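One structure is given here, and the rest of the page talks about it.
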């Protein structure tokens with residue numbers, strides 16, 4: 001990978017923040033956008049702006065071709081069997097909520113179980129809390145090991161024949177843990193349950209094959225993988241999606257509307273009520289092109305190298321605690337002794353270094369870790385080891401500053 005050439009494709013990286021060259025280490029929250037994606041969205045608005053599916057005029061046909069072309073790119077990107085299994089929506093949160101509200105409420109009953117883990121993002125906890133409350137089901141958690149992983153033995157001990165849904169992050173947005181989704185899917189299916197995968201932190205960084213994983217649902221967001229904000233994908237096996245009712249009603253998703261009843265379009269459009277996120281989908285298609293041109297194997301190898309480098313470099317800082325396993329995705333979550341993560345982030349920002357601080361929408365996990373918040377540096381395909389060195393220098397300055405401050 002030619003990192004310099006890749007970085008040149010991201011205009012936002014070529015700037016100074018607080019008098020220092022920007023070091024952007026917050027890609028788990030949202031990634032930066034390459035020129036090709038920016039230009040694809042700009043070109044749509046400048047030359048093609050029109051609604052899709054409805055019009056028979058030239059602009060409408062062009063927009064529809066671009067929109068549905070992006071769906072095919074998304075299908076190929078995760079190796080779904082059919083574009084009927086690719087539902088465009090606002091992002092991972094929306095996708096998970098669709099599954100919970102449509103499949104969950106229809107298939108979970110009193111006495112049933114929903115199984116999740118303590119490392120889940122709020123968007124993969126709260127929807128299942130709501131389903132459990134409404135249906136009188138039990139929400140169960142797979143135990144978390146001290147190193148931030150889960151064991152297949154614990155999965156087998158938690159999932160039973162009363163379990164209807166297993167919902168799990170492919171990659172933890174805090175710990176960087178890469179969960180064995182394929183093996184967990186097998187355990188879920190052996191017990192008659194479906195598996196729902198939060199792919200927000202995995203789709204941008206590794207090859208995804210939903211058929212090989214044998215997951216029933218897989219949701220991911222465009223904005224974490226170089227695409228615009230407000231666009232995401234929900235994959236679902238076609239037979240499951242066909243049996244589900246839509247959760248949003250209006251234009252686009254209907255077949256016929258009578259005075260007292262209506263029928264729905266076929267997949268995937270029955271889940272895409274209203275004017276869809278056309279520009280966002282086109283931008284997602286351009287982002288997929290960009291990522292595939294570089295190669296996901298190349299991206300994964302680069303990120304493994306930089307994650308290992310960051311883990312080792314931060315481990316050498318006295319008084320710094322790293323959370324999560326040694327083998328991880330390209331992020332490092334940590335705390336500096338006696339310095340609040342928000343203060344760490346603030347001092348680093350004065351050095352032009354952008355990281356994330358807070359509970360990362362993972363308050364259940366924060367309680368497991370016995371902390372109120374953490375700091376997180378997350379890397380992507382455009383980051384360098386030199387930027388990790390800048391982070392280390394910034395953290396040493398932070399330690400020095402707070403070590404000299406009297407309260």
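None of the figures in this text is laboratory data; all of them are computed from the coordinates on show. The shown structure was predicted, so the numbers you read here are calculated from the model rather than taken from an experiment. No Cβ is skipped: glycine too gets one built from the backbone with ideal geometry, and neighbour counts run over all protein chains shown.
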* Structure fact -> Everything considered on the Cα gyration tensor (a ≥ b ≥ c; rounded for a/c under 1.5, else prolate if a/b is larger than b/c, else oblate), region 1-132 must be described as oblate
* Using only the alpha carbons of region 304-399, determine the length spanned along each of the three principal axes and report them from longest to shortest in whole angstroms. => 33, 29, 23
* To do: Per residue, how big is the convex hull around the C-alpha atoms of region 234-285? Give it to me in cubic angstrom, could you?
  => 85
* Structure fact -> If R0 = 45 Å, then residue 42 and residue 367, at their Cβ-Cβ distance, give a FRET efficiency to the nearest 0.05 of 0.50
* Structure fact -> In whole angstrom, the spacing between the Cα centers of region 137-160 and region 353-407 equals 28
* Asked: Arranged by the count of other C-beta atoms within 10 angstrom, fewest first, what order do 221, 123 take?
  -> 123, 221
* Burial ordering of 128, 269, 264, fewest other beta-carbon atoms within 10 Å first -> 264, 269, 128
* Between region 288-340 and region 85-131, what's the alpha-carbon centroid distance in Å? -> 28
* To do: Note the angle between two axes, namely the Cα long axis of helix 341-350 and the longest principal axis of the Cα atoms of the chain, as a number of degrees from 0 to 90, rounded to the nearest 10.
  => 80
* Asked: What are the extents of the Cα atoms of the chain along their three principal axes, listed from largest to smallest and rounded to whole Å?
  -> 73, 55, 38
* Structure fact -> FRET efficiency (residue 152, residue 207; Cβ distance; R0 22 Å; to 0.05) is 0.50
* Asked: What nm distance separates the two modelled labels at residue 254 and residue 337, each placed 7 Å from Cα along Cα→Cβ?
  -> 6.6
* When the label point is put 7 Å from the Cα of residue 65 along its Cα-to-beta-carbon vector, which residues of region 288-315 have a backbone N closer than 19 Å? -> 289
* Using 0.36 nm per residue, how much length does the chain from residue 17 to residue 129 gain when fully extended, once their Cα-Cα distance is taken away? -> 36.2 nm
* Sorting 26, 14, 349 on the 10 Å Cβ count, fewest up front, what's the list? -> 14, 349, 26
* To do: Give the angle, between 0 and 90 degrees and rounded to the nearest 10, that separates the Cα long axis of helix 58-78 from the longest principal axis of the Cα atoms of the chain.
  => 60
* Asked: Computed FRET efficiency, Cβ-Cβ of residue 110 and residue 81, R0 30 Å: what is it to the nearest 0.05?
  -> 0.30
* To do: Return one number: the angle in degrees, 0 to 90 and rounded to the nearest 10, between the long axis of the Cα atoms of helix 296-315 and the longest principal axis of the Cα atoms of the chain.
  => 40
* **residue 243 versus residue 264: modelled label distance in nm, points set 7 Å from Cα along the beta carbon direction** => 1.4
* Per the Kirkwood treatment, what hydrodynamic radius in Å, one decimal, follows for region 205-339 from the mean inverse distance over all distinct Cα pairs? -> 18.6
